[in-house]
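Enquirer: Let me begin by handing over the structure; questions about it come next.
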Amino acid sequence: MLPSSSGISSSVESAGNGRLASVGQRLSGLLGCEEVNRDPRLKAVCAALLFYFHMTFAFWWRHAGSLSTRGNEAFDFVPSPLFQNLRWLVFMDGFQTESYLYLLGMLALLGMFSLFLLRTSLLALCVLAFLFLNKVFFYLCDLRLFANYHHFHLLFTLVVLISAEKMRSFRAVLALSYVMSAIVKMTPSWLSGEYFNSVPGKLPLLPQAGWVVTTASVALIVLELFGPLCWFTRIKWLRRLSFGAFILFHVYSGFIVGYWYMSLMLPLAVVAFMGFNEPLQAGYRFSRRHLPTLAVFAVALFGSFYHLLIPGDARLTAEGKYFGLFMFDANREVRFEADIQKGTNFWTIQVTRSWRNPGEPAGVDPGMRIHCDYYQNGWLSSSFAVTQPIRDGNEVLFNPQYFLGASIRTIGDPYLYHHYARELVRRHHPDRVAIRLDQRLDGHPEVVRLVDIDDFAELDPAYDPFRHNEWINLPGPESPPQYRWP
C-alpha cells in the first residue's frame with residue numbers, strides 16, 4: 001500500500017526540521033551558547049559589544065561615501081596598508097552602502113534585544129559573528145577609520161566568539177588590553193608628560209603644574225601595566241582596589257578622549273568586575289579548546305611590541321603602530337606639500353594641521369588648513385583656500401576630504417601621503433609629482449622632514465607595512481633625543 005501524500009509531506013518536513021535543528025545545535029556548540037545562556041554577565045558583555053557595533057555602523061553610515069564606489073570616483077579613500085589592493089572589492093554605490101550600513105546597525109540592535117527576549121543566545125552570537133566580519137571588511141577598506149577603540153572592540157568580540165570559557169577569557173583579554181595600552185605608551189610623550197604638558201588645559205580637573213601632569217601620565221602606565229596583575233592575587237582588597245582604579249580611570253578618560261573609548265570600556269569593565277570573587281586563574285585547567293584563544297592573545301601581544309622591531313619612532317613613522325592597541329600619543333603639527341605638474345599647468349598644494357600652543361590667543365583655530373597656488377606658463381594664476389576638489393578637466397587632482405577625513409591618529413602617517421601620490425600618478429599621469437612631509441611633536445621647536453621625494457613616479461616607492469621603508473627619513477643625531485625614540 002502506497003503512503004499518502006500527507007504522510008510523505010510530514011516525513012519531508014520532519015527531516016527538514018531535524019537537519020535544521022542539527023545545524024542549530026552545531027552552531028550553538030561552536031559559539032558556546034550554553035555558557036552565555038547561563039551567565040547574565042556574559043549576556044551583558046555581548047549586549048555591550050552589539051550596541052557598540054550599532055554605534056560604529058551608525059557613525060560610518062554618515063561617512064559612507066568613502067566606503068563606496070563614490071570614494072573611488074571622488075579620490076576619497078585610503079585602503080589599509082595591510083591590504084592596499086583591497087579596494088577593488090568595494091562594489092556598492094553610495095546609496096547602497098548607506099542602506100547596508102543602516103541595516104547592519106539595526107541588525108546589531110536586533111541581536112542585542114534577542115539576548116533578553118529569547119531563551120537562547122544563538123541568534124545574538126550569530127549576529128555578533130556576522131557584524132564582526134563586516135566591521136573588519138569596512139575597517140580594512142579605509143585607514144582613516146582606524147582608532148584604538150575599534151581595535152579593542154574587534155579584539156574583544158573575537159575572543160568572546162571563539163573562547164571555550166568565555167567569562168574567564170574575556171577577563172583575561174581585558175587584562176591583556178590594559179597591558180598592551182601601557183606598552184604603546186612607553187614614549188617620551190607619556191613617560192615625560194610631554195603630550196599633555198604641551199596642550200592647552202593640560203589634564204582637566206587637575207592642577208596645571210607640569211609635575212602633576214607628568215606624575216598622572218606615569219601613574220596611568222603603572223596602573224595599566226601592573227593593575228591587571230592584581231587580578232591573579234588572592235588578596236581580595238588589592239583586586240578590588242585595582243577594579244576601582246580602572247573604573248575611575250574610564251570615567252575620567254571621557255573628559256579627555258571623548259565618549260567612544262569610555263562607552264566601550266566602562267560598561268565592559270563594570271560587567272567583568274562583577275562577581276570577580278576569586279583570582280583569575282582559580283580553577284583553570286588547560287584544554288585544547290583554549291588554544292585558539294591563547295593564539296589570539298599571543299598574536300595581539302606580539303603586535304604591541306612589533307613597532308619596536310622597526311627602526312625609528314612609531315609616533316613619527318607610524319610603521320608597525322597599527323598592529324597594537326595604539327593611542328594618540330603625540331601633540332603633533334603636520335605640514336604636507338605636493339607639487340603637481342602637467343604640461344604648462346602647475347599646482348602647489350599645502351596641507352597644514354597644527355595645535356594651538358598655550359601662549360597663543362584662544363581664538364586661533366587648531367584645525368586643518370589647505371591652500372593651493374596655481375601657475376600657468378610659469379605665472380601665478382590664482383591662490384586660494386581649498387574647500388572643493390581641484391580638477392584638471394574631468395580628473396580629480398586633489399580632494400580636501402581625503403585629508404579632512406583623517407583623524408589625529410592617522411594625519412601624521414606617511415602612508416596617507418604615499419597613497420595619495422601613488423593614486424595621483426596612477427589616475428592622472430602627471431609629468432611630475434613631488435611630495436614633502438614635515439612634523440613636530442609635543443610642541444618641540446624642531447621640525448622633522450619625514451618625506452622628501454622630488455619625483456614620485458621616477459622613484460616609484462613601495463610601502464611595506466612590516467618593515468622600515470627607506471623613503472621615510474629618520475631623525476639624525478642632530479635631532480633631540482625625544483625624536484630618536486627608542
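The values are calculated or read from the model by the stated rules, or taken from the named source; none is laboratory data. These figures come from a predicted structure and were not determined experimentally. Note: ideal-geometry Cβ built from the backbone for every residue, glycine included; neighbour counts use all protein chains shown. With ligands, DNA and RNA removed, areas are computed over all heavy atoms of the protein, side chains included. Shrake-Rupley method; radii C 1.70, N 1.55, O 1.52, S 1.80 Å.
Enquirer: With a 1.4 Å probe and every protein chain left in place, work out the accessible area per residue of segment 68-200 in Å², rounded to a whole number.
Expert: On a per-residue basis, segment 68-200 sits at 35 Å².
Enquirer: Angle, helix 210-226 long axis vs. longest principal axis of the chain, Cα atoms, 0 to 90°, nearest 10?
Expert: Its long axis makes an angle of about 40 degrees.
Enquirer: If you don't mind, there's one more thing I want to ask. Over segment 42-174, what relative contact order in percent results from Cα pairs under 8 Å that are six or more residues apart?
Expert: Relative contact order comes out at 31 percent.
Enquirer: For the chain, give the percent of accessible area contributed by carbon and sulfur heavy atoms, probe 1.4 Å, rounded to a whole number. Write out the running numbers ahead of the final one.
Expert: On the way: 14170 of 22420 Å².
Within the chain, the accessible surface is 63 percent carbon and sulfur.
Enquirer: Something else: Round to the nearest 10 and give me the degree value, 0 to 90, for the angle of helix 122-141's Cα axis relative to the longest principal axis of the chain.
Expert: Roughly 10 degrees, rounded to the nearest 10.
Enquirer: Contact order normalised by length for segment 375-486, with contacts defined as Cα pairs under 8 Å and 6 or more residues apart; what percent is it?
Expert: Relative contact order, segment 375-486: 16 percent.
Enquirer: To the nearest 10 degrees, how steeply does helix 166-184 sit against the main Cα axis of the chain, on a 0 to 90 scale?
Expert: Here the helix axis deviates by roughly 20 degrees.
Enquirer: Between residue 385 and residue 446, how many nm apart are label points set 7 Å from Cα along the C-beta direction?
Expert: Going by the 7 Å Cα→Cβ label model, 3.4 nm.
Enquirer: What's the percent breakdown of Cα-Cα distances in the chain across 10 Å bins, shortest bin first?
Expert: 4, 17, 25, 25, 16, 8, 3, 2, 1, 0
Enquirer: If you take the Cα atoms of segment 28-85, find Rg, then find the Kirkwood Rh from the mean of 1/r over all pairs, what is Rg/Rh?
Expert: For segment 28-85, the value is 1.23.
Enquirer: Now a separate question. Give the lysines reachable from residue 185 as a straight Cα distance under 20 Å; neighbours fewer than 8 places away on the same chain don't count.
Expert: Within reach: 202, 321.
Enquirer: Just how far, in whole angstrom, is segment 401-450 from segment 92-118 if you go by their alpha carbon centroids?
Expert: 35 Å
Enquirer: Identify all lysines with a Cα-Cα distance to residue 43 below 19 Å; exclude those on the same chain that are fewer than 8 residues away in sequence.
Expert: Counting by Cα, and skipping residues close in sequence, residue 43 has these lysines nearby: 166.
Enquirer: Report, as a whole number in µm² per second, the diffusion coefficient that Stokes-Einstein gives for segment 70-142 at 10 °C and 1.306 mPa s using the Kirkwood radius over alpha carbon pairs.
Expert: Working: Rh = 13.8 Å.
Calculated translational D: 115 µm²/s.
Enquirer: Using Cα pairs closer than 8 Å and at least 6 residues apart in sequence, work out the relative contact order for the chain, in percent.
Expert: 14 percent
Enquirer: Under a straight-distance cross-link criterion of Cα-Cα below 12 Å, which aspartates and glutamates are reachable from residue 236, leaving out those fewer than 8 residues away in the same chain?
Expert: 278
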